[in-house]
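The values are calculated or read from the model by the stated rules, or taken from the named source; none is laboratory data. Remember, it's a predicted structure, so these values are computed and weren't measured experimentally. Every residue, glycine as well, gets a Cβ built from its backbone with ideal geometry; the counts of neighbours run over all protein chains shown.
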Amino acid sequence: MWPKWWHHHGIKMRFEGLEHGVLKMASSAACVEIRLHDTRENYEVCWEVIQFVGTAWSRGQRLVTEEQLRVMFGLDNDFVTPGHSQWLIKEYEADVAEQTLFIRKGNYLNIPCPGTAHDGDPNVSIELDDEIKEKVKELISESVSI
């Protein structure tokens, strides 16, 4: 069973492409793009949630380190959540979290924060399948070779 803060539409998020260093995931109600930032030191994680077609949506963007990206997508389990985010793990029964960036329990990820699990939340829920994890690894490998 998924966490109480995760929206069931997250099972619909699918890998859409990895071209020119931009990884894309999407569903009918949300999309996420990840790319190496111009500084070559961080990644941009951009998301958009469509609450009501044509009338309401939420967008956001954050810079993350490679380590944060690995932990966010379940590729690295040796991460110590920063002290200021420990309350997120305890309060929402998560495995890892970083305040204002992500929360994850197993393969259930929310960007940038936990939600109500109801329609209208301004965050994206993603079920991390093997393909998504593999494509994030590819993006990181491509970025290292640039």
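At-a-glance table
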quantity: Boolean, Val22 is more than 15 Å from Phe73 (Cβ to Cβ), of a type outside the set (S, T, N, Q) and touching a residue at least 12 places away in the same chain (Cβ under 8 Å); calculated: yes
quantity: Scan of region 107-146 for residues that are touching a residue at least 60 places away in the same chain (Cβ under 8 Å), more than 24 Å from Gly21 (Cβ to Cβ) and among the polar types (S, T, N, Q), ordered by number; calculated: Asn110, Thr116, Asn123, Ser125
quantity: Residue selected from region 12-44 under the condition among the acidic types (Asp, Glu) and within 14 Å of the chain's Cα centre (by Cα), by the criterion farthest from Leu109 (Cα to Cα); calculated: Glu44
quantity: Residue list for region 1-58, restricted to those being among the β-branched types (Val, Ile, Thr) and farther than 16 Å from His118 by Cα; calculated: Val22, Val32, Ile34, Thr39, Val45, Val53, Thr55
quantity: The listed residue being closer than 15 Å to Lys4 by Cα, within 11 Å of the chain's Cα centre (by Cα) and modelled with pLDDT of 95 or more, out of Ile111, Ile132; calculated: Ile111
quantity: Residue match in region 111-123 (condition: more than 19 Å from Ser28 (Cβ to Cβ) and in contact with a helix residue (DSSP H, G or I) (Cβ under 7 Å, 6 or more places away or on another chain)); calculated: yes
